[in-house]
1. Quick check, is L195 under 20 Å from G108 (Cβ atoms), part of a strand (DSSP E or B) and in contact with a helix residue (DSSP H, G or I) (Cβ under 8 Å, 6 or more places away or on another chain)?
2. Quick check on my filter: what residues within the stretch 221-253 are under 25 Å from R56 (Cα atoms) and in contact (Cβ under 8 Å) with a residue 60 or more places away in the chain?
3. Does the stretch 169-176 include one or more residues that are free of Cβ contacts under 8 Å to residues at least 60 places away in the same chain, part of a strand (DSSP E or B) and over 16 Å from the mean Cα position of the chain (by Cα)?
4. Kindly provide the set of residues from the stretch 122-149 that are assigned to a helix (DSSP H, G or I) and touching a residue at least 40 places away in the same chain (Cβ under 8 Å), ordered by number.
5. Identify all residues within the stretch 135-156 that are over 28 Å from E96 (Cα atoms) and not charged (D, E, K, R); write none if there are none.
6. Assuming T189 fulfils every condition listed in (1) under 13 Å from the mean Cα position of the chain (by Cα); (2) closer than 14 Å to A107 by Cα apart from one, which condition is it?
7. Determine if the stretch 230-240 includes at least one residue that is in contact with a Gly (Cβ under 6 Å, 6 or more places away or on another chain), assigned by TED's automatic domain parsing to the domain that holds A107 and closer than 15 Å to D102 by Cβ.
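The values are calculated or read from the model by the stated rules, or taken from the named source; none is laboratory data. Note that the coordinates shown come from a computational prediction; the quantities given were computed from them, not determined experimentally. Here Cβ is always computed from backbone atoms with ideal geometry, including for glycine, and neighbour counts include all displayed protein chains.
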Amino acid sequence: MATSSSLGAESRRATLLEILQAQGRISIAEAADNLDVSPMTLRRDLADLEAAGRLRRVRGGAVAPPQPRSFAERSARRAAAKRTIAQKALQLVPAEGMCAVDASSTAGVLLAGLSEAADLTVVTNSAENFEAAAGKPGITPVLIGGHRQATTRSFVGPLAELVASSVHCSRFFTSAAALDATWGSSESTPEEASLKRTVVEHSDSTVLLADSSKLETRAAARGIALEDVDLLVTELDPSDSALDPYRELIDLV
């Protein structure tokens with residue numbers, strides 16, 4: 001009897017993954033009706049699949065978990081939103097001293113928009129963002145070394161964290177793979193999340209750059225707690241209702 005139940009669950013979960021691959025999302029109500037099981041059974045299935053890293057639960061169902069993407073892939077996604085975010089964040093970049101930017105494509109758009117500075121050192125763990133800052137008057141880019149992840153092409157690991165912990169930045173500009181009002185930011189790899197927490201610890205303030213598609217989502221590795229973030233910059237107007245879960249937790253731009 002137990003074997004039959006187990007096989008039934010395995011078959012059901014395989015079907016759920018097929019639905020996710022075909023449609024990009026699973027609706028508990030629809031899947032429960034199609035598979036002729038209770039919503040409670042479906043929720044248990046989704047919880048087990050989430051624990052295995054196969055999906056990410058959201059209100060009413062589940063979606064595919066965020067995956068590491070190349071810098072070029074990330075740059076092409078929601079480009080208009082990133083330009084709006086960068087335009088808002090430009091006024092927050094100090095003219096001198098030292099600031100840090102992560103390996104995100106959104107930070108790359110921000111750096112590309114900088115024309116000059118008085119005497120600003122920009123520390124980054126991205127070769128692409130290093131190049132975006134190079135050659136601009138008054139700006140000196142510094143590339144953090146370490147292990148370079150094959151997909152994200154960002155430098156992470158113990159050496160990167162050692163360098164990051166040896167400098168003090170006035171401001172850290174970072175994006176995230178996902179952002180949840182309870183969980184904070186999260187990343188597709190633990191190494192990326194760990195490095196960002198290290199930079200936060202050694203920065204006076206942290207500015208989170210996140211387009212609205214990342215709101216109320218979670219990725220594999222928990223990153224920065226919202227209590228450690230000073231400003232959240234999105235492409236949305238700060239009064240937009242989509243930002244309501246964050247309104248009492250963080251300043252919005």
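1. no
2. V233, T234, E235, P245, Y246, L249 - these are the residues of the stretch 221-253 that are under 25 Å from R56 (Cα atoms) and in contact (Cβ under 8 Å) with a residue 60 or more places away in the chain.
3. Within the stretch 169-176, not a single residue is free of Cβ contacts under 8 Å to residues at least 60 places away in the same chain, part of a strand (DSSP E or B) and over 16 Å from the mean Cα position of the chain (by Cα).
4. Residues of the stretch 122-149 that are assigned to a helix (DSSP H, G or I), as a first pass: 127-133.
Across the stretch 122-149, the qualifying residue is only E128.
5. If the condition is that a residue be over 28 Å from E96 (Cα atoms) and not charged (D, E, K, R), then H147, Q149, A150, T151, T152 are the ones that fit.
6. Unmet for T189, out of (1) under 13 Å from the mean Cα position of the chain (by Cα); (2) closer than 14 Å to A107 by Cα: (2).
7. Narrowing the stretch 230-240 to residues in contact with a Gly (Cβ under 6 Å, 6 or more places away or on another chain): none.
No, there is no match, as no residue in the stretch 230-240 is in contact with a Gly (Cβ under 6 Å, 6 or more places away or on another chain), assigned by TED's automatic domain parsing to the domain that holds A107 and closer than 15 Å to D102 by Cβ.
Here's the yes/no breakdown for (1) among the small types (G, A, S); (2) modelled with pLDDT of 90 or more; (3) part of a loop (DSSP other than H, G, I, E, B):
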{"site": "P68", "(1), (2), (3)": "no, no, yes"}
{"site": "S75", "(1), (2), (3)": "yes, no, no"}
{"site": "T84", "(1), (2), (3)": "no, yes, no"}
{"site": "Q87", "(1), (2), (3)": "no, yes, no"}
{"site": "L90", "(1), (2), (3)": "no, yes, no"}
